[in-house]
Amino acid sequence: MEVTGNITDNPAETSPAFKKRFMARLIFVLTGGMFLDGYILGIVGPVTGSIATDLELSTVWEGLIAAGPLFGILLGSPLGGWAGDKFGRKPLFMIDMALFVIASGLQFFVDSPLLLFVVRFLMGVAIGTEYAVGWPMMSEFAPARLRGRLMALTLVAWYAGFMIAFLVGHVLVHSTDLSWHIILGTSTLLALILFIARLGLPESPRWLWNQGRQQEARRIAHKYMESSTEMADVEHEDIRKGTFSMLFSRSYWRATLFVSMFWFCAVAPYFAIATFADSVLQQYGLGGGLAGGIGLSAVALAAVIITFLLIDKVGRRALTVPPQWLCAVLLAVIGLWAGAPPVVVLVLFLAFSFFNAMYTTLTGVYPAEVFPTEIRGIGTGFAAAVSRVGAGMGTFLLPWSMANLGPAVSMLIAAGIALLGAALSQWLAPETKGKSLTETASGFSH
């Protein structure tokens with residue numbers, strides 16, 4: 001292949017068909033990474049009882065092992081975001097999946113609570129890097145007219161992974177004699193497939209331009225990006241070094257506050273309730289088990305699919321603000337209505353899962369849109385880290401809260417978190433539908 005000026009001379013490698021194949025491959029590896037994240041977080045719920053018996057877990061260890069990947073994300077997302085902004089999206093995109101293959105495979109061999117926690121913590125580090133690099137990479141290649149939908153598709157994959165893991169785990173626990181090591185380790189094959197599929201992907205042209213490598217950026221943009229408009233927008237990138245302090249500068253503190261706390265308030269109640277669906281539903285006189293856990297995940301998946309279909313038509317705010325107010329009300333009703341019939345409680349939980357998933361989809365869209373290229377990785381990584389504080393706290397503390405404070409108080413605390421998120425989004429959530437990344441990243445600075 002020869003390069004003349006700033007374009008690629010080989011017509012076969014600049015054709016619309018070639019670009020569509022590339023985008024399909026990028027979508028596969030990015031949604032696959034999110035499916036994997038949902039899978040490792042969902043698979044632990046059904047085998048918690050087996051692990052607890054085999055390793056003689058206390059409730060503290062039970063919570064730590066469930067939350068281990070979330071605490072790993074807390075470290076991996078800001079670290080991966082910083083490295084992705086400094087060294088490029090491409091190398092981090094490979095490193096995180098290589099780490100995931102290794103850590104996932106180690107689950108076959110753990111024999112103590114501490115080792116299991118460490119292994120799943122490392123898996124969280126890898127997936128945190130995926131958040132901080134994958135979403136920016138998708139946003140930097142995706143056309144503006146489809147960007148919301150493609151970003152939302154990654155959340156469809158996450159919820160599908162969580163639900164399928166819960167189903168697979170439940171079936172394997174109750175229908176086979178497989179050990180929990182093997183059930184947890186089922187994520188290894190998918191991680192290996194994704195690692196191989198990522199070999200040879202290009203660097204982000206926006207990152208290259210931001211680094212002053214304009215010739216290379218133009219060549220990659222011309223080869224892989226859909227339209228001349230998208231390619232031209234790359235050349236609007238500033239050439240400047242991003243720093244962590246920029247997240248709290250006059251131009252971007254609102255963006256940082258919004259995406260971080262919106263994400264925190266979205267995932268903290270959901271992770272707690274969904275991870276321990278069996279025990280939560282049993283506290284309310286429901287059977288729990290497969291129907292309850294799958295029900296919560298299935299309605300969440302349906303909501304994400306609906307959001308995926310609507311996001312580039314109705315916009316971001318309509319799918320962000322109203323559902324949060326509804327979730328706050330639903331959780332408050334569960335907490336305050338002490339004598340509610342079990343079937344009513346189940347319906348309320350299913351409704352919460354539906355509307356929570358709807359706005360949680362936007363947590364995979366907003367971060368990559370509202371930060372400029374030079375801090376898109378670290379901004380997304382920081383927001384992911386803050387969110388995982390919420391998810392980790394919810395997953396770790398819920399077993400203790402249900403046992404010591406009771407289900408009513410636990411649900412009211414969750415309602416308060418949802419209420420905070422609703423108020424914040426009402427104030428700060430921007431509308432970014434159809435705008436270029438240059439426009440969306442400048443929205444909070446004016």
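The values are calculated or read from the model by the stated rules, or taken from the named source; none is laboratory data. If you're wondering where the values come from, they're calculated on a predicted model, not measured in any experiment. Cβ placement follows ideal geometry from the backbone for every residue including glycine, while neighbour counts extend to all protein chains displayed.
For this structure, a couple of remarks:
- Failed item in (1) under 17 Å from LEU362 (Cα atoms); (2) modelled with pLDDT of 85 or more, with SER179 passing the rest: (1)
- Checked against the criterion of being among the hydroxyl-bearing types (Ser, Thr, Tyr), crowded, with 23+ Cβ neighbours inside 10 Å and farther than 25 Å from MET23 by Cβ, segment 139-157 has no qualifying residue.
- Options LEU172, LEU155; residue that is in a helix (DSSP H, G or I) and more than 22 Å from the chain's Cα centre (by Cα): LEU172
- Among residues of segment 217-232, those that are part of a helix (DSSP H, G or I), crowded, with 21+ Cβ neighbours inside 10 Å and either modelled with pLDDT under 85 or among the aromatic types (Phe, Trp, Tyr) (or both), counted: 2
- Check on ALA197, free of Cβ contacts under 8 Å to residues at least 60 places away in the same chain and either part of a helix (DSSP H, G or I) or hydrophobic (A, V, I, L, M, F, W, C) (or both): no
- Checking every residue in segment 423-440 against the condition of being buried (at least 18 other Cβ atoms within 10 Å of the Cβ), touching a Lys or Arg at 6+ places or on another chain (Cβ under 8 Å) and of a type in the set (Val, Ile, Thr) gives at least one match.
- Residue within segment 39-47 that is aromatic (Phe, Trp, Tyr), surrounded by 24 or more Cβ atoms within 10 Å (Cβ to Cβ) and closer than 27 Å to SER175 by Cβ present: yes
- Of the residues making up segment 74-89, at least one is of a type in the set (Phe, Trp, Tyr) and surrounded by fewer than 24 Cβ atoms within 10 Å (Cβ to Cβ).
- Whichever residue in segment 32-73 is among the charged types (D, E, K, R) and either modelled with pLDDT of 80 or more or outside any helix (DSSP H, G or I) (or both) and, among such residues, is nearest to VAL386 (Cα to Cα): ASP37
- Test: residue in segment 131-139 that is among the polar types (S, T, N, Q) and either within 18 Å of SER104 (Cα to Cα) or more than 13 Å from the chain's Cα centre (by Cα) (or both): yes
- The residues listed here are ALA17, ALA52; of these, the one that is free of Cβ contacts under 8 Å to residues at least 12 places away in the same chain, among the hydrophobic types (A, V, I, L, M, F, W, C) and either buried (at least 21 other Cβ atoms within 10 Å of the Cβ) or closer than 26 Å to GLU140 by Cα (or both) is ALA17.
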